[in-house]
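Take a look at the structure below.
The values are calculated or read from the model by the stated rules, or taken from the named source; none is laboratory data. Everything numeric here is computed off the predicted structure, so don't read it as measured data. Note: ideal-geometry Cβ built from the backbone for every residue, glycine included; neighbour counts use all protein chains shown.
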Amino acid sequence: MLSIEFLLNALIAGLLLGGFYAAMSAGLSLSFGLLDVVNIAHPAFIIFGSYLTFYVNEHFGFDPILAGLVFAVPSYFLGVAVYRIYYNCFEKTGAESLRGLVFFFGLFFLIEVILIITFGVDYRLVRAFYIGKSTSIGSVGIAYRLFVPFLVGGILAAVLYLFLTKTFFGRAIMGVAQDSLAVQLMGVDPIRIKTVAFGIGIATAVIAGSLLIIIGPVEPTIGREYIGRVFAVTVLGGLGSMTGTLVGGLILGVAESFTSSFFGPSWALAVSFGILLICLAVRPSGLFGR
Amino acid sequence: MSKERKLFLIVAAVLIVGSFLITTQMENRFYYKAAYVVLQYVVLATAWNILGGYTGYVNFGTAAFFAMGAYTAVALIKTWKPPLYVLLVMGGLVSGLLGLGIGYLTLRLKGVFFSIATLALAVVLQMIISNWSYVGGGAGTAILKPRSVPMFSNYDEFLFFVMAALAVVSVAVAWLIEKSWVGRGMAAIRDNEEAAECMGVPILKLKLFATTVSGALMGIAGAPFSYFVVYIEPTSAFHLDYAVNSLAMPMIGGTTTWLGPLVGAVLVGTAQQIATVTLSSEMNLLIVGSLLVGFVVFAPDGLVGLFGKIRARLAGREA
Amino acid sequence: MAENLLDVHGVTKRFGGFSALTRVDLHVKENERFGLIGPNGSGKTTMINCISGALANDEGNIVFAGRDITRIPAYQRTRLGIARSFQIPKPFVSMTVLENLCIPLEYAAHQHSHGVELRGEAMEILELMSMTDKADVRTGGLTQIELRKLELARAMAAKPKLLISDEAMAGLSNTEVDDILEILVRLNEEGLTVIMIEHIMRAVMNFSERIVVLDAGEKIAEGTPDEIVNNKDVERAYLGA
């Protein structure tokens, strides 16, 4: 039972899954970690992306990844609109800690209910030429349905990293996170920066949604399972650090993979919660925290 | 004892006796079932508000605290079938300790971490219960309710009476807290935690007190649940409805006083009971969700706040 | 013996790799008017946060009224007699002005013992601040100067032995500054020890009996206002020469 192969397979599966987790959490790390906007509806936007992808794949045969990238554009504007409401109603008046949080929770719930009403409660999946195939290196099998999201997720995280560190706008976002007054003095409106960054966060969530439905079938309430995961990854990685988010995602992926290999898949969910609680109790600034 | 407090206790006693008298007069089981659900939400919304409305910390895990009370009762019923009051006490104890534990781990940090932890808590506890076959696992288990109970013509009427009493007690607890130095300290924490601490308010102690009391009341509300539904399964005990409703009701009613959650729970709860007959459960949820977001955005002080504003305006016109 | 009310011994506070305070000593005598000044980012507010308990210092210890308070939480320090006002007013927004004062009265001054007439005591403090007409106003309806006064009033309601006033006068007009100075002098005459952190030199020089100057987290000078004015290090710190 406990062969090297077995462990290696679990490790590879975990790393592949972890890359996807990182992509899934990147947008949250941006909004929660850098902008202090606690968007607990993030997983709901991911599932929303999955269903958009499902719809165009089912009806027009769109490739899921292509669909995700195309939908990222309107989703950006959706994110901009959501942040506008959030800012005007809560952040401006200092009510974000109670009512702002409840607002996002309400959004989460509404998206879920609307998906149920529109698509029903059944599991939905997508078709693409790479789904269902796999390759193997030695005795280690690599399923493309895991590898493709890993790859795309990795690229997404890398692009985000480059954007934040190399472009003027990206550096302005990092600046807002550290000292919004200083950014203001540089002549940049911090609210505009936050709006753009939040929009980007939602766009990445929708892309992550298209990856999620490649990995496996999706139903409207599955977002709840990802709340613990995205927050575990963001907190573990140190809020706002893209490198940290990547490492956090990989750690969670591997930990979940081993847990489900040894104790059965139904226990995998407990891993993210365990990591989250331990992290909060022991080192809330995370692995790469400032 | 102040005059106000005496009056409040008398009203509470009258309500409890009154709900008992109702059971001697009326026979329709449907009404008792519907009233039970509404009263259960009075307890949950009031409990949520002690932490959320008074202290300013959002609990997304009402379902977890409620279900822990329910499953503590199931475990006890499976072992030695104690009387209901033991179930209530134990359910309250377990969920209260759960609140204390989660609070202790997360409340020393920025408040939002507490909320995130409660969000994940329900999912994980549901998973653990689903894997625990002694209490029925994921498939659930049937619970036999006691065949008869003295002074009541059937067990549903008895459960209605118990929940009515619990609702009165929890509103009274919220009222007592609100009017005491504890409640005033909580309000200071909600308004500005840093300033509160510098003014001598022991913030960690008060926050832990709030999570514990709030969690315990939710657990107590959950304890009779298995008798009420007869067949208990994790998906129903941990249903997201509890989390959504218990925070939507205070938000709709108003969060800063004991009256808000009561008004919200009675109005929204009753409307839901009527709507279940005519609308699908999804439409029902859609309405609650929209109301929640609508009130949070447009009427931050809830119905109680709106009413107060209208009254102030009318008084202004008269003057 | 003329005991010190507050002794700060070698306090160091670091944020990550940055040292905000490096082995700073402060000694404040009973009933003294004490000024703490320094350029922006010199560590004044960090010092106050360490004394009031909002931050835990990494090294050194703090003794107040003969008792080591280095490790006790902020709310207990307030109960022992250290009260502060905030640079940026932090009122309890859901309460009226009077209710704002009742919080420290109830929690710090009386520690929720029964049967105390809190409102009467709160009114006395408001009278001192000449704010009685605002007693039943919510804090949202106050002007900037009234918010500053509320900060001081609320700190006074904790019935402290030591009042730390953190830039209570920034942004106020000359007459408003004089108003607040007058209040502080009167409180000091009644026995209160005051630490004043201030950028307005006129105010702090007139008020203080003794001044400590911080720069980049270190104490660079200590003495009477006259000595400070003529100190070369201080001049260099402020003018950056």
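Quick notes
- Residues of segment B:18-54 that are part of a helix (DSSP H, G or I), among the aliphatic types (A, V, I, L, M) and modelled with pLDDT under 85: B:L21, B:I22.
- Screening A:A270 on (1) within 11 Å of another protein chain (Cβ to nearest Cβ); (2) surrounded by 20 or more Cβ atoms within 10 Å (Cβ to Cβ); (3) on the phi > 0 side of the Ramachandran plot shows it passes everything except condition (3).
- Considering segment A:273-290, the residues that are of a type in the set (A, V, I, L, M) and either out of contact with any helix residue (DSSP H, G or I) (no Cβ under 8 Å at 6 or more places or on another chain) or more than 9 Å from chain B (Cβ to nearest Cβ) (or both) include one that is nearest to C:F18 (Cα to Cα), namely A:L287.
- The number of residues in segment C:51-77 that are facing another protein chain (nearest Cβ under 10 Å), over 12 Å from the mean Cα position of the chain (by Cα) and touching a residue at least 24 places away in the same chain (Cβ under 8 Å) comes to 3.
- Residue in segment C:3-25 that is part of a loop (DSSP other than H, G, I, E, B), within 27 Å of C:P225 (Cα to Cα) and out of contact with any strand residue (DSSP E or B) (no Cβ under 9 Å at 6 or more places or on another chain) present: no
- Residues in segment A:228-238 that are more than 10 Å from chain B (Cβ to nearest Cβ) and closer than 20 Å to A:F163 by Cα: A:G237, A:G238.
- Options A:F119, A:F104, A:F108: the member that is among the aromatic types (F, W, Y), in contact (Cβ under 8 Å) with a residue 40 or more places away in the chain, touching a Gly at 6+ places or on another chain (Cβ under 9 Å) and within 14 Å of chain B (Cβ to nearest Cβ): A:F108
- Filtered by the rule that a residue be more than 10 Å from chain B (Cβ to nearest Cβ) and buried (at least 24 other Cβ atoms within 10 Å of the Cβ), segment C:79-133 gives C:V97, C:A122.
- A single member of B:V149, B:V169, B:V173 is more than 14 Å from chain A (Cβ to nearest Cβ), closer than 30 Å to C:L105 by Cα and surrounded by fewer than 20 Cβ atoms within 10 Å (Cβ to Cβ), and it is B:V173.
- All helices (runs of 4 or more DSSP H) inside segment C:62-146 with 3 or more residues being on the phi < 0 side of the Ramachandran plot and in contact with a Ser or Thr (Cβ under 9 Å, 6 or more places away or on another chain): C:74-80, C:97-104
Residues checked against (1) out of contact with any strand residue (DSSP E or B) (no Cβ under 8 Å at 6 or more places or on another chain); (2) over 22 Å from B:L240 (Cβ atoms); (3) at pLDDT 80 or above; (4) basic (K, R):
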{"residue": "A:A177", "(1), (2), (3), (4)": "yes, yes, no, no"}
{"residue": "A:I215", "(1), (2), (3), (4)": "yes, yes, yes, no"}
{"residue": "A:E225", "(1), (2), (3), (4)": "yes, no, yes, no"}
{"residue": "A:T243", "(1), (2), (3), (4)": "yes, yes, yes, no"}
{"residue": "A:S261", "(1), (2), (3), (4)": "yes, yes, yes, no"}
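To keep it simple, each residue is scored yes or no on (1) assigned to a loop (DSSP other than H, G, I, E, B); (2) crowded, with 23+ Cβ neighbours inside 10 Å; (3) touching a residue at least 12 places away in the same chain (Cβ under 8 Å); (4) in contact with a Ser or Thr (Cβ under 9 Å, 6 or more places away or on another chain).
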{"residue": "A:A13", "(1), (2), (3), (4)": "no, no, yes, yes"}
{"residue": "A:T53", "(1), (2), (3), (4)": "no, yes, yes, yes"}
{"residue": "A:L78", "(1), (2), (3), (4)": "no, no, yes, no"}
{"residue": "A:G100", "(1), (2), (3), (4)": "no, yes, yes, no"}
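- Scanning segment B:283-295 for residues that are at pLDDT 90 or above and aliphatic (A, V, I, L, M) gives B:L291, B:L292, B:V293.
- Selection of segment B:1-59 for residues being among the charged types (D, E, K, R) and in contact with an Asp or Glu (Cβ under 8 Å, 6 or more places away or on another chain) yields B:R29, B:K33.
- Residues within segment C:155-187 that are within 14 Å of chain B (Cβ to nearest Cβ) and either over 21 Å from C:P104 (Cβ atoms) or surrounded by fewer than 20 Cβ atoms within 10 Å (Cβ to Cβ) (or both), tallied: 2
- Some residue of segment B:65-73 being aromatic (F, W, Y), closer than 28 Å to B:V182 by Cα and more than 14 Å from chain A (Cβ to nearest Cβ): yes
- Those residues of segment B:269-306 which are within 11 Å of chain A (Cβ to nearest Cβ), under 17 Å from B:Y242 (Cα atoms) and without any contact (Cβ under 8 Å) to a residue 40 or more places away in the chain, in sequence order: B:S281, B:E282, B:M283, B:N284, B:L286, B:I287, B:S290, B:V293
- Selection within segment A:116-135 - among the aromatic types (F, W, Y) and under 19 Å from A:L66 (Cα atoms): A:F129, A:Y130
- Checking C:I48 against (1) in contact (Cβ under 8 Å) with a residue 60 or more places away in the chain; (2) more than 14 Å from chain B (Cβ to nearest Cβ); (3) under 23 Å from C:S208 (Cβ atoms), the condition it does not meet: (2)
- Candidate set from segment B:213-235 (those that are under 13 Å from the mean Cα position of the chain (by Cα) and β-branched (V, I, T)); member that is farthest from the other protein chains (Cβ to nearest Cβ): B:I220
- If you go through segment B:151-207 and keep only what is at pLDDT 90 or above, out of contact with any Leu (no Cβ under 9 Å at 6 or more places or on another chain) and under 23 Å from B:A70 (Cβ atoms), you end up with just B:F161.
- Test: residue in segment B:187-209 that is surrounded by fewer than 21 Cβ atoms within 10 Å (Cβ to Cβ), within 13 Å of another protein chain (Cβ to nearest Cβ) and of a type in the set (K, R): yes
- Any hit, segment B:307-314, residues being more than 10 Å from every other protein chain (Cβ to nearest Cβ) and either under 20 Å from B:W175 (Cβ atoms) or not in a helix (DSSP H, G or I) (or both): yes
- All positions within segment A:249-267 that are facing another protein chain (nearest Cβ under 10 Å) and either buried (at least 19 other Cβ atoms within 10 Å of the Cβ) or not in a loop (DSSP other than H, G, I, E, B) (or both): A:F263, A:S266, A:W267
- Restricting segment A:102-130 to residues that are within 21 Å of the chain's Cα centre (by Cα) and assigned to a loop (DSSP other than H, G, I, E, B), the residue that is surrounded by the fewest Cβ atoms within 10 Å (Cβ to Cβ): A:Y123
- Residue list for segment B:73-98, restricted to those being within 20 Å of B:V230 (Cβ to Cβ), over 15 Å from the mean Cα position of the chain (by Cα) and surrounded by 22 or more Cβ atoms within 10 Å (Cβ to Cβ): B:A73, B:V74, B:L87
- The conditions of being crowded, with 17+ Cβ neighbours inside 10 Å and within 26 Å of A:A177 (Cα to Cα) are not met by A:T243.
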